[in-house]
Every structure is written in C-alpha cells, then in structure tokens.
1. Which value, in debye to the nearest 20, describes the size of the charge dipole of region 6-133 about its Cα centre when Lys and Arg Cβ atoms bear +1, Asp and Glu Cβ atoms bear -1, and nothing else is charged?
2. Helix by helix through the chain, keep the DSSP H runs that span 18 Å or more along the axis on Cα and average at least -0.5 on Kyte-Doolittle, and give those back in order.
3. Kindly provide the pair-distance distribution of region 94-229 built from C-alpha pairs, with 5 Å bins from 0 and whole-percent values in order of increasing distance.
4. Just to be sure I understand: with springs between alpha-carbon atoms less than 10 Å apart, which residue in Gly126, Gly140, Gly61 has the highest mean-square fluctuation in the Gaussian network model of the chain?
5. Can you give the helix-only mean residue ellipticity at 222 nm for the chain, where every DSSP H stretch with n ≥ 4 adds -39500 (n - 2.57) and the sum goes over all residues, rounded to the nearest 500 deg cm²/dmol?
6. If you take the charge dipole of region 6-223 about its Cα centre, with +1 on Lys and Arg Cβ and -1 on Asp and Glu Cβ, which of Pro173, Val186, His70 is farthest toward its positive end?
7. Run through all the Cα pairs of region 40-152 and give the fraction in each 5 Å bin from 0, expressed as whole percent.
8. Ratio of Rg to Rh for the chain, alpha carbon only, Kirkwood?
Amino acid sequence: MTGRYRTAITELEPDLFQVATEPSFAIGQRALLVRTARGNLLWDCLSFLDPTTRAAIRELGGIAAIAISHPHFYASCVEWSRSFGDAPIYLSDLDRHFLLRPSSAVVHFPGDGVEPWAGVRVVRLGGHFPGSAVLHWPAGADGAGALLSADTIAVAADRRWAAFQYSYPNRIPLPAEEVRAIADRVESLSFDRLYGGWPGDVIQSDARAAVLRSAGRYLKVLDGTWPRS
C-alpha cells in the first residue's frame, strides 16, 4: 500500500479527528481519534499505517489507548499499538475468538463496558456481533455528549434515522429482542451527536432520540404494525 495510499486526518469538532485511508481501501471505514486531558484514544482501526501517519498522529499527542467496536475493524490494531508504546487495545471478551493476532497489549474486557479513563467509556451493545460496542464521549458535541458507533448503530441515508443489522452487506436483520436490548442500553446514555463508521456518517443533533425512534420503527416493522402508506 505504501506509495499508493495516504492517511487523511480531518478535525470533525474540537478534540475529535477523523483518520481515513485515501483512496478508499477495503470497506472504506474510518477511525476516530478522541483527544482528552488523559491522552488520546483511537476508536476503531485502519489497515494502512506508514511513517507519515505515525508522525501526524504524534503531532496530535499520540495514542494512549485503542478501543474497537467489533471484529470487522480489528485491522492492524496490534501494529498501531506497537507504534505508540504498546497502547492497550480494549476489545469485548465476547469476541475474543475473532482476534487472529494475539498481543499482550489486548485487554479483553468482560461484561457490558470498560472505562479506559474518566471521560471515555466503551459500552457493549451487542447486535452486529455479541461484543459490538460504542464509545460514549460525554465531552463531545460541546458538552452535550457524543456516541461513536461504527455500525453497531449505523447512520442511515436519511440522517434522522439509524439502522441495526446482523449483516449489512447481506441485508440480514437483527431479531427484535436484540434491538430492544440495544435500545435499553442506549436509554442510559446521554448524547446529542452520533458518529458512524464511514466518512460523512453523522447525526449532528438529537441523535439519542433518533436512535430510540429508529429502534421503535424497526420493532414495529418486524411485528407488522408499522403503516405501509
């Protein structure tokens, strides 16, 4: 990939940076770098990592921890960790068997979440994978809170809505009980903005209500009570 690809880093809001590979590679996902007083957390991961990318990330303060939403984004997370002082990599214990490159830097957290440090919390929602997670960043969106969701909760084409799927490329829906569980966990979180897993995927405001509204619509479609007209 070296010489044919580059990393583009874009500030999305104060202390939040998009890290993306150009031209688009594989499924085209982005990573997000959250800057905090305790250090920077890299949310999700990219395959491509070169010396120019390392230097650019170091200029922003480096990486103190890595957390990944689900196995599709594990990518070269171990290589990223090694490049930044063996930064701990937080992954749900429920998806342990999907990690094909073991590392002492990996922290397989049990249960429904882990807090790398005060101000950022990885919250397991399940659904897409048993351990699928989001990152709750209360300081985001000017203090109204932001949720970094990849496609645990996907941003729909109509930004008033979100989507929940077992398999996005194969269009396989989640069962109703899994969507209810996601909605129940989201209700406990306070956030106004939601960032999905691809460039441009964002619900800028009232995102919590959009997610809960979307879950309600999804459940009504599944039980046949959503109006067709």
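1. Working: 11 positive and 13 negative charges, 36 e Å.
Rounded to the nearest 20 debye, it is 180 debye.
2. Values: long enough: 207-223 (24 Å, 0.21).
Going by DSSP H runs, the hits are 207-223.
3. 2, 10, 19, 23, 20, 14, 8, 3, 1, 0, 0
4. Looking only at Gly126, Gly140, Gly61, the largest GNM fluctuation is found for Gly61.
5. On the way: 4 runs with 45 residues, N = 229.
-6000 deg cm²/dmol, from helical runs alone.
6. Comparing the listed Cα positions along the dipole, Pro173 ranks first.
7. 2, 12, 23, 25, 20, 12, 5, 1
8. Details: Rg = 17.0 Å, Rh = 17.8 Å.
Ratio of gyration radius to Kirkwood radius for the chain: 0.96.
Just so you know, all these numbers are worked out from the coordinates, no wet-lab data involved. Computed from a predicted structure; not experimentally measured. Please note: Cβ atoms are built from the backbone with ideal geometry, for glycine as well, and neighbour counts cover all protein chains shown.
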